[in-house]
Structures are given as structure tokens and as C-alpha cells.
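**Q** Attaching a single structure in C-alpha cells format; questions to follow.
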Amino acid sequence: LNRKIRARSLFRMGVILPNITSVAALTLVFAQLFGRDFGVINWVLAQFGAGHIDWQAGTASSHIAIATMVVWRWTGYHALIFLAAMQAISPSIYEASTVDGASPRQQFWRITLPMLRPAIIFSAIMATTGNMRLLAEPLLFNPGSAAATGGSDRQFQTAALYLYEQGFQQWEFGYASAIAVLLLVATLAVTCVSYLITRRLRTD
């Protein structure tokens, strides 16, 4: 996305489009794709001789399905962060390294990656704290009476989904508030640790 290629703007737009789609529409579409009986994913697997997978019933399978939704939706967001960071690198640095005989592989490992370090850390913080608050994807992945429990055996229930269950289904608002406070403390702790790591890396 950072190189001068044909239809570069089209590629950039295609990368960011999943991020601006409605999370509800996205989850419902993926729930159909990962359907047990008529899902496209199971149909593709059947072409290779694999049996139908009940994606919602298994722990690993449900995690794979939900992770696929999250990755597909948020890849464009993180790609824009990396693209902006790469465009901030002065071209003269690459020109000087080329004169010194550096190969494109060496330029990536010695120039691009080190200078992308702040963007990588920021992206990791956003992804980690965002996943700690994951709610819509597991909630809509299994619509019905067991939606808030994250499956029949709570196999894909997240902390935010557990908060929703306790507060808006069990009406245990005190317990739900305690969960919310713990989520806040955990998010702040992850952010502070990441900030300290970032400062340490900058001083190195």
C-alpha cells in the first residue's frame, strides 16, 4: 500500500472498507458463513473431504470464527496506522542505504521495522485493550436465548459479554459494576505497562 502501484487508492480503500461496515451486519454475515448446515466455510471444507464443523459448539472452532471476524474488521484500521508511519520515514534514509549497498530485505529489517516500533506498540495496545472489551461479535455470533452466555457452555464468552449477562439479563447491577471496574483497571494496567515499554524502547 505504500509503494507506487497501479490502482493504489483502490487497494487502500478496499483495506479500510471492512472497518467502516456495521459490526452487527458484519457479525450476522460471518455467522451465516460459519453456519453448521449451510455455511459457505463448511461447504468449502467439504470439497476437500472435511466434515461439517459446528463452529458455535466447540471452544477452538468458535474462537477461530470470532477471531476471523475481528481480524477482518480491524486489519484496515491497523494498516492505516502502519501506512501513516511508513510515509513519515524520510525517503533520503532509503536512498542513503541504497548507495551503501543495502538490499530491500536489509532496508526492511534495519530501517522500516525499527522506525515503525512506536506504531507497532500503539497498534498492539489498541488491539489488546479492544479485545478486552469485545462484546458485539460474540453476542451476535449466537443469537438466541444463550447469546449473552457465549454459547451453551460459555465457550466463547468474553468479560464484556459476562458483564452484559449479569447486568442486563440477571439484573445484578452491583456485580456488573464490579466487572466494569475490573475491566477498567485491567485496561489501565495494560496501557501503563505498554507506555513504560515504549519509553524504555525509545531510550534504547
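**Q** If I filter segment 175-195 for residues that are modelled with pLDDT under 85, exposed (fewer than 15 other Cβ atoms within 10 Å of the Cβ) and within 24 Å of residue 62 (Cβ to Cβ), do I get at least one hit?
**A** No: zero hits.
**Q** Same structure again: Do we find that residue 110 is over 30 Å from residue 155 (Cβ atoms) and at pLDDT below 85 in this structure? Give the derivation first.
**A** Details: over 30 Å from residue 155 (Cβ atoms): yes; at pLDDT below 85: no.
So residue 110 does not fit the description; no.
**Q** Please give the number of the condition residue 135 fails out of (1) in contact (Cβ under 8 Å) with a residue 60 or more places away in the chain; (2) within 29 Å of residue 197 (Cβ to Cβ).
**A** Evaluating residue 135 over (1) in contact (Cβ under 8 Å) with a residue 60 or more places away in the chain; (2) within 29 Å of residue 197 (Cβ to Cβ) leaves (1) as the failure.
**Q** Applying the selection to segment 90-135, what residues are charged (D, E, K, R) and within 26 Å of the chain's Cα centre (by Cα)?
**A** Across segment 90-135, the qualifying residues are 117, 133.
**Q** Further, regarding this structure: Please work out if residue 120 is open to solvent by 50 Å² or more (accessible area, probe 1.4 Å), modelled with pLDDT of 85 or more and more than 30 Å from residue 199 (Cβ to Cβ).
**A** Working: open to solvent by 50 Å² or more (accessible area, probe 1.4 Å): yes; modelled with pLDDT of 85 or more: yes; more than 30 Å from residue 199 (Cβ to Cβ): no.
Judged against the criteria, residue 120 is not a match.
**Q** Turning to a different aspect of this structure: Checking residue 170 against (1) more than 24 Å from the chain's Cα centre (by Cα); (2) closer than 30 Å to residue 3 by Cα; (3) open to solvent by 30 Å² or more (accessible area, probe 1.4 Å), only one condition comes out false. Which one?
**A** Residue 170 satisfies all of (1) more than 24 Å from the chain's Cα centre (by Cα); (2) closer than 30 Å to residue 3 by Cα; (3) open to solvent by 30 Å² or more (accessible area, probe 1.4 Å) except (2).
**Q** Looking at the structure I just gave you, is residue 162 assigned to a helix (DSSP H, G or I) and more than 30 Å from residue 8 (Cα to Cα)? Give the steps one after another, and end with the answer.
**A** On the way: assigned to a helix (DSSP H, G or I): yes; more than 30 Å from residue 8 (Cα to Cα): yes.
Taking the combined requirement at face value, the residue satisfies it.
**Q** Let me ask something additional. Mind checking whether some residue in segment 109-119 is among the aliphatic types (A, V, I, L, M), closer than 22 Å to residue 80 by Cα and not in a helix (DSSP H, G or I)?
**A** Step one: of segment 109-119, the residues among the aliphatic types (A, V, I, L, M) are 111, 113, 115-116, 119.
Restricting the remaining residues to those that are closer than 22 Å to residue 80 by Cα gives 111, 113, 115-116, 119.
Now drop any that are not not in a helix (DSSP H, G or I), which leaves 116.
Yes: one or more hits.
**Q** Pick out the one residue from 47, 87 that is loosely packed, with under 12 Cβ neighbours inside 10 Å, farther than 25 Å from residue 149 by Cβ and within 28 Å of the chain's Cα centre (by Cα).
**A** 87
**Q** Could you run through segment 1-36 and say how many residues are within 30 Å of residue 91 (Cα to Cα), open to solvent by less than 90 Å² (accessible area, probe 1.4 Å) and within 21 Å of the chain's Cα centre (by Cα)?
**A** 7
**Q** Just checking, does segment 80-102 include any residue being of a type in the set (Phe, Trp, Tyr) and touching a residue at least 60 places away in the same chain (Cβ under 8 Å)? First the steps, then the outcome.
**A** Filtering segment 80-102 for residues of a type in the set (Phe, Trp, Tyr) gives 82, 94.
With touching a residue at least 60 places away in the same chain (Cβ under 8 Å) added as a condition, the list becomes none.
No, every residue in segment 80-102 fails to be of a type in the set (Phe, Trp, Tyr) and touching a residue at least 60 places away in the same chain (Cβ under 8 Å).
**Q** On the given criteria, is residue 130 open to solvent by less than 40 Å² (accessible area, probe 1.4 Å), part of a helix (DSSP H, G or I) and not basic (Lys, Arg)? Give the steps one after another, and end with the answer.
**A** Numbers: open to solvent by less than 40 Å² (accessible area, probe 1.4 Å): yes; part of a helix (DSSP H, G or I): yes; not basic (Lys, Arg): yes.
Taking the combined requirement at face value, the residue satisfies it.
The values are calculated or read from the model by the stated rules, or taken from the named source; none is laboratory data. Remember, predicted model here, so these are calculated numbers, not experimental data. Note that each Cβ is placed from the backbone with ideal geometry, even for glycine, and that neighbours are counted across all protein chains shown. Only protein heavy atoms, including side chains, enter the accessible area calculation; ligands, DNA and RNA are left aside. Shrake-Rupley method; radii C 1.70, N 1.55, O 1.52, S 1.80 Å.
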